1. Are any residues in the stretch C:73-105 within 7 Å of chain B (Cβ to nearest Cβ) and surrounded by 24 or more Cβ atoms within 10 Å (Cβ to Cβ), and if so, which ones?
2. In this structure, is C:L34 surrounded by fewer than 17 Cβ atoms within 10 Å (Cβ to Cβ) and more than 14 Å from chain B (Cβ to nearest Cβ)?
3. Among the residues of the stretch C:42-67, write down those that are away from every other protein chain (no Cβ under 14 Å), in contact (Cβ under 8 Å) with a residue 24 or more places away in the chain and of a type outside the set (G, A, S).
4. Could you list, in sequence order, all residues of the stretch B:46-74 that are under 21 Å from the mean Cα position of the chain (by Cα), at the interface with chain C (Cβ under 9 Å from one of its Cβ atoms) and part of a helix (DSSP H, G or I)?
5. Is there a residue being more than 8 Å from every other protein chain (Cβ to nearest Cβ), surrounded by fewer than 18 Cβ atoms within 10 Å (Cβ to Cβ) and aliphatic (A, V, I, L, M) anywhere in the stretch C:199-206?
6. Which of the following residues is among the small types (G, A, S) and within 11 Å of chain C (Cβ to nearest Cβ): B:A159, B:A145, B:A179?
7. Can you name every residue in the stretch B:80-127 that is in a helix (DSSP H, G or I), under 20 Å from B:T158 (Cβ atoms), more than 14 Å from every other protein chain (Cβ to nearest Cβ) and not small (G, A, S)?
8. Report yes if B:L69 is hydrophobic (A, V, I, L, M, F, W, C) and without any contact (Cβ under 8 Å) to a residue 12 or more places away in the chain, otherwise no.
Amino acid sequence: MPLIKLTNLHKSYGNHEVLKGISLDIAAGEVIALIGKSGSGKSTLLRCVNGLESFQKGSIDVGGQPALTNAAGLRILRQKVGMIFQQFNLFPHMTAGRNVMLAPMVVKQMSAGQAEEIARKMLDRVGLGTRFDSYPGQMSGGQQQRVAIARALAMEPLALLCDEITSALDPELVSEVLAVMRDLAGQGMTLVMVTHEMRFARDVCHRLVFMHQGQIHEIGSPEHIFAAPQTPELRQFLGVEAA
Amino acid sequence: MMNFSTWDIIHNLLLAARWTVALSLAAFFGGGMMGALILFLRVVPNRIAGLVARFYIEVFQGTPLLMQLFLAFFAPALFGMNVPAWVAAFAALTLWTAAFLAEIWRGCVEAIPKGQWEAASSLALPYIAQLRYIVLPQALRIAVAPTVGFLVQVVKGTALTSIIGFVELSKAGTIITNATFEPFTVYGCVALMYFALCWPISQSSRWLERRLNAAHQAH
Amino acid sequence: MGYQFDFSDVLAYWPVLLYGVVITLELTVFGTILGVALGIFCAWGRTNGSKTLRIAVGLYVELIRNTPFLVQLFFIFFGLPALGLELSAIEAAILATVINLGAYSAEIIRAGIEATPKGQLEAGASLGLTSIETFRHVVLKPALARIWPALSAQIVIVMLGTAVCSQISVQELTYAASFIQSRSFRAFEAYFIVTAIYLGLALILRQLLRLCGRFLFPAQRHS
């Protein structure tokens with residue numbers, strides 16, 4: 001049974017159809033990269049899986065349960081899948097530790113002591129054990145993004161959705177975030193990432209999904225996608241269009 | 001007929017100014033609490049609550065404070081009650097303040113980036129928790145300066161309560177003018193006293209705003 | 001028995017109400033045109049004027065913004081005759097409105113001027129314009145476009161504020177309400193109807209100002 005099952009997902013803004021029937025099964029422990037040009041619908045797809053965008057047709061099942069789109073259903077869905085954003089979206093008025101502790105305390109009703117223990121563990125896991133009391137404004141972009149990862153992990157999600165999480169970072173800070181992702185992948189975490197880091201996609205991901213004009217245009221292993229792209233659109237995207 | 005020296009004028013005006021201060025503070029705090037309620041109705045995702053709040057704000061911002069004072073003064077009479085001027089003054093000023101503060105604060109809530117709401121919802125926080133832990137604490141920080149600034153409007157607004165007979169600074173000015181026939185001196189002093197009350201508040205509001213902007217740039 | 005509402009007694013005085021509306025609008029129109037003109041001058045003085053002018057304008061703006069309109073009105077109407085300046089009630093009311101809006105709009109317009117990108121000033125200077133010419137042709141219009149919503153809101157506030165002019169017997173809307181209630185003994189109904197008229201005027205004025213903005217500043221929706 002797949003961990004996440006998308007069936008015939010349709011979404012449009014007004015007359016503009018952004019997702020034109022997406023079906024995708026994601027197994028537990030799988031690491032998947034969504035690639036494609038901007039506007040191809042990959043970010044929207046990710047945001048649908050976290051319930052940040054509504055969709056008109058189709059269904060999303062997580063852990064064998066269909067995701068409901070009412071407020072309570074969305075909260076259940078979001079406890080199962082965590083989300084990490086391009087702009088980090090840390091809460092600037094809370095320390096790194098408090099950022100991580102918040103959801104376990106409010107959503108899972110943990111005591112402050114328990115939540116702190118988890119927060120310290122998660123910050124350790126992303127290599128920021130010493131920055132528990134730092135405010136986001138005092139940290140580099142890479143550190144902030146790692147706190148955001150720890151914050152999502154603290155809810156013990158079944159899968160993590162990553163929306164271009166290195167795109168807003170200075171080039172020298174990208175690798176520290178990718179190293180964390182690599183560790184998570186090694187520990188068997190299910191990851192679905194929208195990314196432009198092709199090397200990372202090739203080295204770490206199990207499957208690549210190439211999206212084009214709101215549809216899954218090609219899908220396959222990194223070797224398959226990079227070595228033997230089938231469609232001209234993918235070849236053009238990869239810049240390997242033969243002369 | 002009494003003889004008023006300039007000192008007598010100032011002394012009597014200062015006594016009356018205490019009521020201006022008291023009414024301003026009462027209306028500001030009353031209006032703040034009521035305003036928080038209106039703000040909640042305004043931002044909560046419920047169509048009817050939003051409409052009620054918008055109607056409230058529209059009515060109190062779209063009509064003269066003086067009319068609101070008259071209505072607060074005369075409406076209880078319909079039910080056979082005669083309210084003293086200070087009750088009507090407090091009630092009207094509170095309702096009026098609430099409308100403006102609710103609107104100021106809504107602007108602050110809307111200034112919080114969408115990503116903060118999204119991050120909070122992606123962590124499965126319920127709506128109320130998103131407001132309480134994420135949005136309101138940040139909105140509060142940017143709300144301080146304009147809220148303090150609005151206190152100046154409240155202090156000036158209390159001058160209108162003289163018209164329904166509440167004896168505060170402006171009313172005292174009129175009474176003393178009628179006794180001394182020195183409107184230039186008396187209203188000049190009244191104006192300076194309002195200025196002495198309001199200017200420091202205006203300045204601190206500006207100072208708070210500059211400090212906040214400076215803090216923003218440090219990030 | 002509950003109170004019997006009777007609005008017809010009040011509505012019978014419709015000519016008085018209509019006259020009140022006309023006077024309120026008269027105060028608003030004169031106050032707005034002259035007040036905004038004064039505001040533009042003061043905003044210019046505060047950003048480009050000599051040091052003396054800057055201080056004088058600053059004093060005026062602070063003094064007006066930190067005292068009640070009612071007291072300004074009383075000072076002008078009752079106090080100024082002591083200096084030999086006798087004004088009729090309506091003249092005093094218009095003068096007070098102009099002075100009041102002048103101070104607020106000066107502050108609003110100044111904010112708009114200070115948001116002018118530096119490159120615009122340099123471009124003006126590089127074309128050989130004097131500072132006044134740059135202000136007139138390069139700075140002013142975009143500045144007004146930027147702050148038009150804030151200025152519109154202030155104009156509506158001033159319109160509602162003219163209600164206190166009834167206190168020096170200017171026969172505007174609020175005066176009409178007092179007059180009617182003293183004849184009909186229907187205080188609540190009179191004030192209720194007049195309040196509703198004010199609300200209508202405020203809504204119409206706001207729409208009118210929005211249209212004005214669209215007409216005066218076409219295609220400047222960038223801020």
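1. C:F74
2. Values: surrounded by fewer than 17 Cβ atoms within 10 Å (Cβ to Cβ): no; more than 14 Å from chain B (Cβ to nearest Cβ): yes.
No: the conditions fail for C:L34.
3. C:C42, C:W44, C:R46, C:T47, C:N48, C:V57
4. Passing the criteria: B:E58, B:V59, B:Q61, B:L65, B:L66, B:M67, B:Q68, B:F70, B:L71, B:F73.
5. yes
6. Matching residue, one of B:A159, B:A145, B:A179: B:A159.
7. Correct list: B:W86, B:V87, B:F90, B:T94, B:T97, B:L101.
8. For B:L69, the condition - hydrophobic (A, V, I, L, M, F, W, C) and without any contact (Cβ under 8 Å) to a residue 12 or more places away in the chain - is not met.
The values are calculated or read from the model by the stated rules, or taken from the named source; none is laboratory data. This is a predicted model, so every value here is computed, not measured. Quick reminder, even Gly has a Cβ in these numbers, built from the backbone with ideal geometry, and neighbours come from all protein chains shown.
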